[in-house]
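Beneath this line is the structure, given in structure tokens, with notes to follow.
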Amino acid sequence: MDKLMMQRRDAIKSLLAISAASALAACTGKTEGGEAKPAASASLKYASEGNFLNAYEMALVAALAQTIIPKTDTAGAIEAGVPAAIQGLASEWGDDNFRKYTRAGLLALDKYFKSVGGQAFADQSEKQRESLLSKYDADVFGGKVKDDFYRNFKSTVATAYYMSEPGASEELIYEAVPGDWKGCVPFSEIGRTWAT
């Protein structure tokens with residue numbers, strides 16, 4: 001895997017903040033019955049009841065997330081439910097500004113990957129997705145391309161993954177009732193970072 005494939009142990013370091021989405025923190029409006037209010041703007045219409053992102057946008061979210069954290073000997077982003085978590089953020093958590101930001105960011109990524117890959121990112125082969133996203137990731141994090149949405153999206157994918165049951169219990173070491181506290185243990189003795 002190329003440089004893009006975030007080393008899962010290194011990904012933990014990036015989890016200092018849930019994502020820049022938290023800077024846009026706002027609760028979604030709910031009616032008295034508890035269902036989400038439809039957005040006012042035509043560009044903010046929900047794709048279906050309770051789901052803001054449509055099937056095409058979700059295919060892009062899933063393809064990006066699975067390319068960032070692929071399935072290996074442990075669950076990948078899709079198996080950990082990361083796309084559903086992102087749908088939940090857009091549908092239930094974010095306000096209209098967050099929804100506009102999300103839709104515009106996904107649209108810009110979709111346009112870029114179509115222009116360089118010749119087709120929708122989700123329709124490309126796994127190898128082509130890895131290659132294209134690896135280069136784009138290096139450009140964004142290397143300062144050649146400014147794309148705050150992609151930075152935030154990648155952070156959100158990592159956060160959602162490590163907050164999921166597979167991320168916390170398969171990828172990390174999870175022990176519901178930890179044993180003795182040892183303040184300084186060489187990482188080589190543990191092998192993985194702890195979730196608890």
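So the values come out like this:
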| item | result |
| --- | --- |
| Cα centroid separation - the stretch 146-166 against the stretch 49-108, whole Å | 10 Å |
| Cα gyration tensor, the stretch 31-187 - rounded (a/c under 1.5), prolate or oblate | oblate |
| Sequence-distant residues sharing a close amide H with Asn51 (under 5 Å, placed H) | none |
| Placed amide H near Ile173: partners under 5 Å, 5+ positions off or other chain | Thr193, Trp194, Ala195 |
| Those trypsin sites (Lys or Arg not before Pro) in the stretch 85-146 that DSSP places in a loop and that have at most 10 other beta carbons within 10 Å | Lys144, Lys146 |
| Chain lengthening between Glu126 and Lys144 when straightened (0.36 nm per residue, less Cα-Cα) | 4.0 nm |
| Positive dipole terminus of the stretch 132-177, leading residue within Phe153, Ser169, Phe141 (C-beta point charges) | Phe141 |
| Global geometry of the stretch 120-196, whether rounded, prolate or oblate, following the gyration tensor of its Cα atoms and the 1.5 cut on a/c | prolate |
| Too-long pairs where the Cα-Cα distance tops 25 Å, listed order kept, from Lys45/Lys146; Lys111/Lys146; Lys71/Lys144; Lys114/Lys154; Lys71/Lys127; Lys100/Lys146 | Lys45/Lys146; Lys71/Lys144 |
| Gyration tensor verdict on the stretch 77-118 (Cα atoms; rounded if a/c is under 1.5, prolate if a/b is larger than b/c, oblate otherwise) | oblate |
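Every number in this text was worked out from the coordinates using simple rules, so none of it is lab data. Since the model is a prediction, treat every value here as computed from it, not as a measurement. Note that each Cβ is placed from the backbone with ideal geometry, even for glycine, and that neighbours are counted across all protein chains shown.
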